[in-house]
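As structure tokens, the structure follows; a few thoughts come after it.
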Amino acid sequence: MYPTIAISLRTLAAFRQCHRACPRFSIQAQCRTLCFLHEIPYRPYLNTQFSAAYNIYLEIIHHVDQRLKAALKHNTPNWRLLNSCPACFYKLQDEPTLDFNWLVCVDGNNSLKRWDSSIYGNTAWLDSRQARSDYWIDRETVDKYKHEAKSCDINSHDDNWEEELVDASTNPSNVLTCVDRWRNAGPETRKKMFSVFHESGIFIAACRHRFILLACDMVQSGELAKYPLALIDKLLTVYGKNGGSHDLGFRMMVGSFHGHAHNRKCQLRWHPMYIPGTGHTEGEGCEHVFSASNELARSIRHASSFHRHQSIEEHFSFWDQDKYASLSNFLWNHYREALKAVHNLTTELTAIKHELRLTDDDFVHFLDEEQKYLDDLKQPPAEDRIRIRYVETLDELAERRSDWDSARQAANNALTELPASSLAQINQALTVARIRVDSSYAKLQHAEALVAHMESQLGVDARWEIGGEEYSCFKEEASLGKYRAALNNLERLVVMRLFELSKLSLSGTGYKLRQQISKALQRRSEAIRKAIARYNVQAVALNPPRDKISWKDIADYTFLGEFDLLRHSCSDVRSDDWAKPAYREATSKYFKLLRAREEITRLNVEIRRLRTAIYDEELQATAVIRDLSGSDPLLASELKRQWRSRAAINAVHVYRLDQIGSLTGFSGVRGREDIDDIQAIIMSDYVDMDAIDREEFGRATEDIADYLQSIVN
Ligand SMILES: [Zn+2]
Ligand SMILES: [Zn+2]
């Protein structure tokens, strides 16, 4: 054998980091780059060779990691889950209790799919290698939750942004069960789409700092509920049940954006703004993970199962490293935001409470009343629905009769009014008149038959008189029905528009898709304008008439919560305090204030956890390095190398945490009493002092930017 190609470790390491920073940068792109640099023609077989070398390189890294983990005692069960996010999981003994010990969001996405190789007509080549990281929950474990999935009804907020919503107006009972509305969104099309992919996507769980905790594959099946169940069950075993409230031992919530798109009743129950203890957790963290991992899609679509896992694992572990590096920034930004929110909301609420003469208890009452009101809403009973339909048929009958009368009138007129000059003309006029009389008579007969049929169903002996008491009673309901249909249609269009807007703002949406979405948005706006016009016609026809809606109302994103009120409220409800716009706004401010305060409590805990974790890590790492230097110098030097970058990040964290501590309004623990000198960490051998300088410089720049912004506004 005479090898002709050698790939250096340095090249492989460089590729790994490039691929990390830009997941689109594929092995093929790397090979082309190398060919140009070495001035040889590109050949596709080089991809295979590079890929083989890269696999071996990752294998070596994996083995080194295993040995390091053993040395650091990081190889205990669930070590990663318990330690990857110190802010969430590095619990201290004397910390205040939080409403939720942990907050996690779970979501699925199907951009990371893999084509079934049988699609190309060839048999799959077996690759017995298994996924190596503990991110994954395997297929057998997931399948255990297949049956439980049916009995649980809150678990599938699985959004499929790609699919259109079902038309809510076709099924009025959907109005109050919007979770089902989402779940039912086109299961057939979904199944069809799934069958060409072997693994059709992934489900992940991420903490509020966006560390990825767990993942599992979605595999050719429609039972989407089992995936989140499997993930949550694992989380419950590792982190304990105190993830939530009394009944379930765990509480679900919908993401904040998502919450806006849901109906009001669902919002009141599941929106983080109304769940005590959630702070400023927005619950859409998975979306951010996916918008980055979507970049991987192209390179793994046709890979083998093992390579797909390998590549996703690599991506996830890099992602987590990035999230660790920006953890103190997350805390810093959230702290400043929460302080600002508390300050502004307190000022506003004091004024409002004074003006409207309200107390904090009133706001809680308003929310309860609204909840109770929505709970009490019922569809009219079936019997009444037939009566409403009967009233409509009566109207139709009256209309048909008058059509027939006027047709006969027209026929008479044709005979008398036409000058008897042209026989052909008279003949033609008579034919037209006869056709009109015949067809209106046929329609009249049809309407008669329908009315008679409904009368027999309802047991009505004497036909209701138009304008009579019974008629008027259901006539109102009938026009309300038309009004609701117009309202449903409008709501559906507005929700879809918001989804499109949210897609547009996600990074990683390609240019072409962006163009398509903006075109769709334009069309949508047109459709919404028409729907608004139709709605306004029906709103005015009601007795008493409802307010008209304008485009400006719709463009306001919080308007969605109002749809349900519009749909159901009778005029008497609108006079209740809780339904008045000023009170509603004040109530939502009040709950925002509560969440902002909770956020600060949570951040105080998280800040202390991070500081302690850094301190403990420092002690442990230096001790292990010292021990290894004697027993295994090679391993020691590798650990030293890895520790250097970690220590630099930690130093920046400590610097940031001190900064948070110096914010006006900071209410947590400053520093750590038992660390006599935090400078010891910053000054240790491993830390690059320049990093701190850069951080300081960055901060100064940020401050200037903030200042400029404040003058501009
Ligand atoms: Zn919902
Ligand atoms: Zn976290």
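The values are calculated or read from the model by the stated rules, or taken from the named source; none is laboratory data. It should be emphasised that the depicted structure is a prediction, and the values quoted were computed from it without experimental measurement. Heads up, the Cβs are rebuilt from the backbone with ideal geometry, glycines too, and the neighbour counts pull from every protein chain shown.
Could you please let me know if His74 is exposed (fewer than 12 other Cβ atoms within 10 Å of the Cβ) and of a type outside the set (Gly, Ala, Ser)?
no
Of all residues in the stretch 7-63, which are of a type in the set (Lys, Arg) and touching a Phe, Trp or Tyr at 6+ places or on another chain (Cβ under 7 Å)?
Those that are of a type in the set (Lys, Arg) and touching a Phe, Trp or Tyr at 6+ places or on another chain (Cβ under 7 Å): Arg20, Arg32.
Take Glu562 and decide whether it is of a type in the set (D, E, K, R), surrounded by 14 or more Cβ atoms within 10 Å (Cβ to Cβ) and at pLDDT 75 or above.
When the stated conditions are applied, Glu562 does not pass them.
For the stretch 56-82, enumerate the residues that are in contact (Cβ under 8 Å) with a residue 24 or more places away in the chain and touching a helix residue (DSSP H, G or I) at 6+ places or on another chain (Cβ under 8 Å).
Just the residues of the stretch 56-82 that are in contact (Cβ under 8 Å) with a residue 24 or more places away in the chain, to begin with: 57-58, 62, 64, 67-68, 71-72, 78, 80-82.
Across the stretch 56-82, the qualifying residues are Tyr57, Leu58, Val64, Arg67, Leu68, Ala71, Leu72, Asn78, Leu81, Leu82.
Kindly indicate whether Asp384 is under 26 Å from Thr281 (Cα atoms) and either touching a residue at least 60 places away in the same chain (Cβ under 8 Å) or charged (D, E, K, R) (or both).
Spelling it out, it is not the case that Asp384 is under 26 Å from Thr281 (Cα atoms) and either touching a residue at least 60 places away in the same chain (Cβ under 8 Å) or charged (D, E, K, R) (or both).
Looking only at the stretch 347-363, decide whether some residue is modelled with pLDDT of 90 or more, in a helix (DSSP H, G or I) and polar (S, T, N, Q).
Scanning the stretch 347-363 turns up at least one residue that is modelled with pLDDT of 90 or more, in a helix (DSSP H, G or I) and polar (S, T, N, Q).
Residue by residue through the stretch 77-93, note down the ones that are part of a helix (DSSP H, G or I) and more than 10 Å from ligand 2 (Cβ to nearest atom).
Of everything in the stretch 77-93, those that are part of a helix (DSSP H, G or I) and more than 10 Å from ligand 2 (Cβ to nearest atom) turn out to be Trp79, Arg80, Leu81, Leu82, Asn83.
Just to be sure, is Ile56 more than 16 Å from ligand 1 (Cβ to nearest atom), at pLDDT 90 or above and outside any helix (DSSP H, G or I)?
It is false that Ile56 is more than 16 Å from ligand 1 (Cβ to nearest atom), at pLDDT 90 or above and outside any helix (DSSP H, G or I).
Among the candidates Pro276, Pro272, Pro228, which residue alone is within 16 Å of ligand 1 (Cβ to nearest atom) and modelled with pLDDT of 75 or more?
Step by step, each of Pro276, Pro272, Pro228 is checked, and only Pro228 is within 16 Å of ligand 1 (Cβ to nearest atom) and modelled with pLDDT of 75 or more.
Residues being free of Cβ contacts under 8 Å to residues at least 60 places away in the same chain and over 23 Å from Glu606 (Cα atoms): count how many of those fall in the stretch 308-333. Quick ask: steps written out before the conclusion?
At the first step, the residues of the stretch 308-333 found to be free of Cβ contacts under 8 Å to residues at least 60 places away in the same chain are 311, 321-322, 326, 333.
Of the ones still in play, those that are also over 23 Å from Glu606 (Cα atoms) are 311.
Total satisfying the criteria: 1.
Against the conditions (1) modelled with pLDDT of 70 or more; (2) surrounded by fewer than 17 Cβ atoms within 10 Å (Cβ to Cβ); (3) part of a helix (DSSP H, G or I), where does Ile711 fall short? Just the number, please.
In the conditions (1) modelled with pLDDT of 70 or more; (2) surrounded by fewer than 17 Cβ atoms within 10 Å (Cβ to Cβ); (3) part of a helix (DSSP H, G or I), Ile711 misses (1) alone.
Would you check if Asn47 is of a type in the set (S, T, N, Q), away from ligand 1 (no atom under 16 Å from the Cβ), in a helix (DSSP H, G or I) and over 37 Å from the mean Cα position of the chain (by Cα)?
yes
Go over the candidates Arg336, Arg308 one by one and state the one that is part of a helix (DSSP H, G or I), touching a strand residue (DSSP E or B) at 6+ places or on another chain (Cβ under 6 Å) and either more than 14 Å from ligand 2 (Cβ to nearest atom) or not assigned by TED's automatic domain parsing to the domain that holds Ser111 (or both).
Numbers: Arg336 fails: touching a strand residue (DSSP E or B) at 6+ places or on another chain (Cβ under 6 Å).
When all the criteria are applied, what remains is Arg308.
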